[in-house]
Amino acid sequence: MLTKQLRELEADEIVHRKIFQEIPPKVEYSLTNFGTTLTPVLKALHEWGIEYINKTAEIRSKA
């Protein structure tokens, strides 16, 4: 499943896959220039996640 999703991201030019011809096989993934445009979105999700954790902790401490 992970491989399928990584291949889709590669097809959409969000990630770049680099294959190393060695034993055992090695593959590295990195963001493309287009992929880095997701940075503000990911940062916003991270900030929301922090707020969510704090909010739920506050609600649970009152219970």
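Please compute the length gained on full extension between ALA11 and ILE50, using 0.36 nm multiplied by the number of residues separating them and subtracting their Cα-Cα distance. Numbers along the way, then the final one.
Details: separation 39, 0.36 × 39 = 14.04 nm, distance 3.15 nm.
Working it through step by step, the gained length comes to 10.9 nm.
Sequence-ordered 3J(HN,Hα) estimates for the stretch 15-31 from the Karplus curve with 6.51, -1.76 and 1.60 and θ = phi - 60° stand at 10, 10, 10, 10, 9, 9, 7, 8, 10, x, x, 9, 10, 10, 10, 9, 6 Hz, glycine and proline given as x. Maximal additional length on extending the ILE59-LYS26 stretch stands at 7.3 nm, based on 0.36 nm per residue less the C-alpha distance.
With a cap of 13 neighbouring Cβ atoms within 10 Å, and only residues DSSP puts in a loop, list the chymotrypsin sites (Phe, Trp or Tyr not before Pro) found in the stretch 20-63.
On the way: sites: PHE20, TYR29, PHE34, TRP48, TYR52; in loops: PHE34.
Qualifying residues, ordered by number: PHE34.
Number of Lys-Lys pairs in the chain with C-alpha atoms under 21 Å apart and a separation of 8 or more places or on different chains: 4.
If I take every Cα pair under 8 Å that is 6 or more residues apart in the stretch 1-54, average their sequence separation and divide by the length, what percent do I get for the relative contact order?
Details: 35 pairs, mean separation 13.3, N = 54.
After rounding, I find 25 percent.
If you wrap the Cα atoms of the stretch 2-62 in a convex hull and average its projected area over all directions, you get 6.4 nm².
Read the figures in this text as sums done on the coordinates, not as results from a lab. Fair warning: this is a prediction, and the values are worked out from it, not measured in the lab. Heads up, the Cβs are rebuilt from the backbone with ideal geometry, glycines too, and the neighbour counts pull from every protein chain shown.
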